[in-house]
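To start, the structure itself, in structure tokens.
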Amino acid sequence: MSRLPTTAPVSPPTATPRQNAGRRGFLAQMMSASGVVLLAGCNGGGLAGLRGGDGGLDATRTDGRATLLLPTSGRSAQLGQIMADAARLAAPELGRDPEIALSDSGSDVEPAVLAARAAVAAGAKMLIGPLFGAQAVAVAAAVGRQVPVVTYSNDTSLKGPGLFVYGVTPFQSARSVLAFAATRGKRRVVVVAPPGALGDQSVAAARSLAGQVGIVPGEAVRTGDPAGLAARVAAAAGGSAPDAVYLPAAGPELAGLAGAFQGSGVQVLGSAQWAAIKAEEVPALRGAWYAAPDPLRFNPFSEAYREAFGSVPGILAGLAFDSVEMARFLGRVGQQDKRGLTRDEGFNGVLGPYRFGSDGVVDRALSVLQVERGALSLIGGGTV
């Protein structure tokens, strides 16, 4: 098993020349790893495509024009800045680079629409972002089908003509971890999640995956209260404890929910939402399995980001980096459109290989990690 390092977050310092050194080391690692094939036929995009050579790619061609729509002001400015910093690892001249522009989308619908219209008027051929679902719908409606809109949201219900969903979706997490659990004999599974969109989509995913991966989902338990949870889960599973319980949410209730199954023999499973917490520091999660980006690709990116900006990035930062690489690649092959986005070969990124379906929803390969005391171990690789 591959042991993953753990690093405590620190406050971001002022950017220094270390950014360039960290970025150079990261690019070298990614280039050396670009030959690792994790998705059949996925040999373009990302650093593997741009810097490793991809057939007819013209590295001198710069007629692509993409604009990142990120909330760099307002109540979500801190998150937007994290994503902008990650994008700068891919495009150090972000904002001054003619290929990749950066525009403040704010956290509400109106500034996102204004930014999108201004970007298209300035010649953008692709919009990457915005972050929030309501913004994405409004932006797609505002620009019509003039340019594709690739939202960072993970809400698959947003998909529509010209609107592509780029986030790590509940279905992707469920498929990766539930399929792995089934191979380990954990087939009777109950989903436990608080009410809300994530829980709704996770329950739906488990049900739709039952025949595909060989699990038997019991009745879902929709709660964030650990009191009497083990008994409720047993009842939902048909009267006896299931093989596993799937806890997709990563809110403050997670430790209590997982703790209800300590010592019971029930395997605790989690989603990519867990990447937002330090699972290895939560005793109640010890021994749990959860879906996550491939650490062979994500860890070099995480280390480069930490060296450059002084903090540890999450999945949204990885999405920002990958989106810049994807947009640059498509610009240089002259395909910043639906045809380019839905190319059969897909793309490689720091979050792993991915491709867009004809419906505009991204499909990703996620790995499975096991939580140990102070560390995480890679125990399974996802497939798409």
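The values are calculated or read from the model by the stated rules, or taken from the named source; none is laboratory data. These figures come from a predicted structure and were not determined experimentally. Note that each Cβ is placed from the backbone with ideal geometry, even for glycine, and that neighbours are counted across all protein chains shown. These accessible areas exclude ligands, DNA and RNA; they are computed on the full protein's heavy atoms, side chains included. Shrake-Rupley method; radii C 1.70, N 1.55, O 1.52, S 1.80 Å.
General observations
- Distance between the stretch 193-241 and the stretch 265-302 - C-alpha centres, whole angstrom: 19
- Set of lysines with alpha-carbon distance to residue 338 below 29 Å, sequence-local pairs under 8 removed: 125, 159
- Solvent-accessible area, 1.4 Å probe, carbon plus sulfur percent, for the stretch 292-354: 44
- Under 5 Å, built H, 5+ apart or other chain: amide partners of residue 288: 371
- In this simple spin-label approximation, residue 117 and residue 264 carry label points 7 Å from Cα along the Cα→Cβ vector, and these lie 5.4 nm apart.
- 14 Å beta-carbon shell around residue 171, net charge (K/R +1, D/E -1): 0
- Residues of the stretch 158-182 with an amide N closer than 12 Å to a point placed 7 Å from the Cα of residue 338 along the Cα-to-Cβ direction: 160-164.
- Reported to the nearest whole Å, the Cα centre-to-centre distance from the stretch 338-383 to the stretch 144-162 is 19.
- Reach of residue 186 by Cα under 29 Å, taken over lysines that are not fewer than 8 positions away in the same chain: 278
- Under 15 Å from the residue 200 label point (7 Å along Cα→beta-carbon), backbone N, the stretch 111-153: 133-134
- For the pair residue 377 and residue 282, label points projected 7 Å from Cα toward Cβ lie 2.0 nm apart.
- Rounded to the nearest whole Hz, the Karplus-based 3J(HN,Hα) values (6.51 cos²θ - 1.76 cosθ + 1.60, θ = phi - 60°) of the stretch 90-96 follow the sequence 8, 9, x, 9, 3, x, 10, with x at glycine and proline.
- The residues packed around residue 244, meaning those with a beta-carbon under 12 Å from its beta-carbon, carry a net charge of +3 if Lys and Arg are +1 and Asp and Glu are -1.
- FRET efficiency, residue 235 to residue 78 (Cβ-Cβ, R0 35 Å, nearest 0.05): 0.25
- Carbon + sulfur, % of accessible area of the stretch 127-250 - ligands and nucleic acids excluded, 1.4 Å: 55
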